[in-house]
Structure formats: C-alpha cells, structure tokens
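Step one of this worksheet: look at the structure below.
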Amino acid sequence: MPRSLLITKADGNKEVFSVDKLKKSMFRSGVSEPVINQTISQIKKKIKPGVSTSRIYRLAFNNLKSANKVYAAKYSLKKAVMDLGPDGFPFEKYFAALLKDQGYLTFTNVVVKGKCITHEVDIIAEKPQKNIHAIIEAKFHSRSGGKTASKDALYTHARFLDIKEFWNRQKILGAKPSTGQLESWLVTNTKITAEARQYCLCSGIKVVGWDYSSIGDNLEQMIHHKGLYPITVLTSLNNESKRKLLGHGVVLCKDLLDDKNSKLLKRLYLKKGQLNRLLDEVKLLLR
C-alpha cells in the first residue's frame, strides 16, 4: 500500500487514507486492540488508490463480523441509523426513544399552532420537573456524505419563533403553563456545516449531531453510552425483518427482549436457531 494513498469520499472528494482515523472509529465502537490491528492489516492488503470509503467500510465490517458480531454491529452504527430511512419518520421515533430514556415525555408528528400558521413538529419533548418544553426539528439523511446546512437551521429558527409567539400569548391567557422554558432543537444523523453551527450558536438552537458537541450533544456518543442501539445494527436480521419491526414501531434493540414483542418476533417466521442467535446478539450488544 502506498504511503500516501488517496481514497474517494462519499461526496466525491479525495483525501489521504488515514490509518489513525480508521483505528479511532473502531476504538469508539469498543473493538479490542488486537482485532483493530488485525483488521487494519487485512484492509491494507486489499485497498488500492482511489478506493471508496464505502469499500473500506465494507472490508472493515466483514472482518469485524468474522471476529465478533457485536464489534461489527457497533461499528456499523452510523450506517444503521441511516438505514432507518429512506424517510425520516423512523429516525424521529428513534430519537424520541433516546429522549424517553433520559426522562423526557415525547410526542412525534404533532400539529402545533403558531402566530401565523400551523406547523407539523417532528418531536416535542418535555421534562416537567425541569420545566423544559423542546420543539425539535429532526433532519434525516439516508445517504453518506450529506450534511445539515444553514438553510435547515434557518427554517428551524423561523418555525420556532412563530410557535414561540403563540406560546407566549397562550401563557398570558392561562392556556399554557405560566412557567417553563421553550427550547428549539435541531437534531441530525450527519455532520453540520460550519455556517449552520455558527447560526445555531448565535440564535440559541440546541444541536444534536453525529460528531458534534460544542453547543449540543454528540449523537454517536449518546447511543454508545446508553446502549440504545437501533435494530438496524443487528447482523442476525435481514433487511425485510428490520423493516417489519420498524413498521410496528420497534426501533430499539432492547425492545426485542420485551415480552410484549414476543408475538411480533414470531411473525418474522424465524427458525428456532435464528431466533436464538438474534436474541443472543441483542443480549451481548446490551452488556
């Protein structure tokens, strides 16, 4: 492998292949050092100048899957979140589930009145004990390389201001809590452009992005820390089964261990061995 090997990113741009960057992505996923080194060694033998980042990902994923399915599942997290698509509704349900685990009351796809027009809000999250009421815009991307830009931040802020004006009027009239903080959030499963970050910081929008934490939360860290993995990370389920589960509102791996979903699992028509492997994978993933 050439010392300065150029690879092709998802957006078509070229960059120098970084072993350290690949190591860090596996380390964040909890992969052991010996397996990381073995995987890097295998990848170096198979890549050539101009290789795509998606090809490198597949090589790494397949090697990790052979070593340990849990390593592969955690390593695939970013792609797995994108696989919640193609539309953004499963992502909204998934992020709402993450917030619910943090003690929020959550509601998805809610029609809310503003001063000028009504709005369909992706997620409303409330934490009554802290008087927090969050209006959340969920910006979902189903393809690698996409970024959340300033136009998304501008839209989020404009809608929030319209809703906030009506909120303030309702509080005066006694139809809303007289105390409490109305917040604007922008949540995305991708990176955020520098211009969008600047606007969010200036306008007070809380941001939750894939690898972003300067004025918000890091979505990747949030998921790993809490172990709230989407079912799309599972290597023991095919895409058809995943879509069926998502269609019934099951978005978290841990929900597959809930007795209330046992009938739903039976509808996947998995053989006993397949079902056991699935449940074993979930249990290992959540340890």
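The values are calculated or read from the model by the stated rules, or taken from the named source; none is laboratory data. Being a predicted model, the structure only gives us computed values, none of them experimental. In this analysis, Cβ positions are derived from the backbone assuming ideal geometry, glycine residues included, and neighbour counts consider all displayed protein chains. What goes into the accessible areas is simple: the full protein's heavy atoms, side chains included, and nothing from ligands, DNA or RNA. Shrake-Rupley method; radii C 1.70, N 1.55, O 1.52, S 1.80 Å.
In the range 247-258, which residue that is open to solvent by 20 Å² or more (accessible area, probe 1.4 Å), touching a Leu at 6+ places or on another chain (Cβ under 8 Å) and not in a loop (DSSP other than H, G, I, E, B) is nearest to residue 226 (Cα to Cα)? Before you say what the answer is, go through the steps one by one.
Taking the range 247-258 first, the residues open to solvent by 20 Å² or more (accessible area, probe 1.4 Å) are 247-249, 254-255, 257-258.
Cutting the leftovers down to touching a Leu at 6+ places or on another chain (Cβ under 8 Å) gives us 248, 254, 257.
Retained after the next criterion (residues that are not in a loop (DSSP other than H, G, I, E, B)): 254, 257.
Values: 254: 11, 257: 16 Å.
Looking at the filtered set, the residue picked out is 254.
Among the candidates 103, 30, single out the residue that is within 17 Å of residue 224 (Cα to Cα), small (Gly, Ala, Ser), in contact (Cβ under 8 Å) with a residue 12 or more places away in the chain and part of a loop (DSSP other than H, G, I, E, B).
Step by step, each of 103, 30 is checked, and only 30 is within 17 Å of residue 224 (Cα to Cα), small (Gly, Ala, Ser), in contact (Cβ under 8 Å) with a residue 12 or more places away in the chain and part of a loop (DSSP other than H, G, I, E, B).
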**Item:** Residue satisfying condition, being open to solvent by 20 Å² or more (accessible area, probe 1.4 Å), at pLDDT below 95 and of a type in the set (Lys, Arg), within set 100, 74
**Value:** 100
**Prompt:** Do you know which residues across the range 96-122 are in contact with a helix residue (DSSP H, G or I) (Cβ under 8 Å, 6 or more places away or on another chain) and under 22 Å from residue 243 (Cβ atoms)?
**Reply:** 98, 108, 109, 122
**Asked** What pairs can you find where one residue is in the range 193-212 and in a loop (DSSP other than H, G, I, E, B), the other is crowded, with 19+ Cβ neighbours inside 10 Å and of a type in the set (S, T, N, Q), and their Cβ atoms are less than 8 Å apart, with a gap of 6+ or different chains?
**Response** 193/148; 204/184; 205/156; 205/184; 210/188; 210/189; 210/190
**Asked** Do we find that residue 239 is surrounded by 15 or more Cβ atoms within 10 Å (Cβ to Cβ) and over 12 Å from the mean Cα position of the chain (by Cα) in this structure?
**Response** no
**Message:** Quick check on my filter: what residues within the range 259-278 are open to solvent by 70 Å² or more (accessible area, probe 1.4 Å) and within 26 Å of the chain's Cα centre (by Cα)?
**Reply:** 259, 260, 277
